[in-house]
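What follows is a structure written as structure tokens; I'll ask about it next.
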Amino acid sequence: MGNLGYSLCEIGKYEDALVLQRRSVELWRGLAGEDHADTLSAIASLAHTLAALKRDEEAMELRSKAFEGFRSIHGIHHPVTLLTKINYTLSLCAMDRMDEAVQSSRSILRTATQMSGSDYAALYEGMENLSQSLANLGEMEVGDDLHQFVIRMRGF
């Protein structure tokens with residue numbers, strides 16, 4: 001159900017996606033509990049759709065919850081945890097909370113540097129998206145730092 005909701009969001013059927021994603025969150029909460037990885041994934045998916053709808057405050061709150069939950073389960077040096085932090089930081093950018101976004105981005109870069117040596121394609125894609133968002137919002141230095149890191153890790 002959650003995957004279908006995510007797919008609906010990707011093709012622009014946001015309201016249909018929201019219905020399925022909210023239901024998915026409810027089901028996972030009932031089946032596995034609030035802090036289970038599947039519940040947190042459903043929450044992150046719902047946040048993605050809310051962000052696409054420019055409902056930035058709601059998206060940020062859910063992304064923060066997903067990040068904290070994944071950090072509790074996996075620790076900070078896990079690609080899923082770091083990817084949820086990247087998405088949270090994108091919400092900060094969307095809300096023009098640049099001081100917090102820059103601080104979070106620097107933290108992401110420090111953590112990713114400690115994780116380097118493994119191939120994390122989705123993580124690098126998320127970092128590149130964040131890099132572009134920061135640069136577009138005038139935060140060229142941290143945006144470029146993230147971009148250069150991704151280039152090095154991808155072997156270019």
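The values are calculated or read from the model by the stated rules, or taken from the named source; none is laboratory data. As the structure is a computational prediction, the values presented were derived from the model and not from experiment. Glycine gets a Cβ as well: all are built from the backbone with ideal geometry, and neighbour counts include every protein chain shown. Each accessible area value is taken on the protein alone, full model and side chains, heavy atoms only, with ligands, DNA and RNA left out. Shrake-Rupley method; radii C 1.70, N 1.55, O 1.52, S 1.80 Å.
Using 1/(1 + (r/R0)^6) with R0 = 22 angstrom and r between the beta carbons of Ile76 and Lys13, what's the FRET efficiency to the nearest 0.05?
According to the calculation, E is roughly 0.05.
On alpha-carbon atoms, Rg over Rh for the chain using Kirkwood Rh?
Result for the chain is an Rg/Rh of 0.98.
Just want to confirm a number: the relative contact order over the stretch 68-118, from Cα pairs under 8 angstrom separated by 6+ residues, in percent.
The value is 35 percent.
Right, here's the next one. For the stretch 58-67, what does the Karplus curve 6.51 cos²θ - 1.76 cosθ + 1.60, with θ = phi - 60°, yield as ³J(HN,Hα) per residue in whole Hz, taken in order and with x for Gly and Pro?
With coefficients 6.51, -1.76 and 1.60, one gets 4, 4, 5, 4, 5, 5, 5, 4, 5, 4 Hz.
Hey, another quick one. With a 10 Å radius around each residue's Cβ, average the other Cβ atoms per peptide and rank 129-138, 24-33, highest first.
Working: 129-138: 17.6, 24-33: 15.4.
Order by mean packing, descending: 129-138, 24-33.
Hey, what did the chain get for relative contact order, percent, Cα under 8 Å, at least 6 apart?
Here the relative contact order equals 14 percent.
Would you work out which of His77, Ile108, Val150 lies farthest towards the positive end of the dipole of the stretch 29-156? Charges go on Cβ: Lys and Arg +1, Asp and Glu -1.
Towards the positive end, the residue furthest out is His77.
Under a point spin-label approximation (7 Å from Cα along Cα-to-Cβ), what is the His36-Met95 distance to one decimal in nm?
According to this spin-label approximation, the distance is 2.9 nm.
Would you mind telling me the share, in percent, of accessible area of the chain contributed by carbon and sulfur at probe 1.4 angstrom?
Carbon and sulfur atoms account for 49 percent of the accessible area of the chain.
So if I place +1 on the C-beta of Lys and Arg and -1 on the C-beta of Asp and Glu, and nothing else carries charge, what would the dipole magnitude of the stretch 106-150 be about its Cα centre? I want it in debye, nearest 20.
Charge dipole, the stretch 106-150, about its Cα centre: 160 debye, nearest 20.
Given a 10 angstrom Cα cut-off, can you work out which residue in Val19, Val142, Val102 is the most mobile in a GNM of the chain?
Judging by the Gaussian network model, the answer is Val19.
For the residue pair Ala135 and Glu58, what label-to-label distance in nm results when each label sits 7 Å from Cα along the Cα-to-beta-carbon direction?
3.2
Right, next: Only four residue types carry charge here, +1 at the Cβ of Lys and Arg and -1 at the Cβ of Asp and Glu. Report the dipole size of the chain about the Cα centre in Debye, rounded to the nearest 20.
Values: 15 positive and 22 negative charges, 58 e Å.
Dipole about the Cα centre, nearest 20: 280 debye.
Which Cα, out of His36, Met98, Ala51, lies furthest along the positive dipole direction of the chain (beta carbon charges, K/R +1, D/E -1)?
His36
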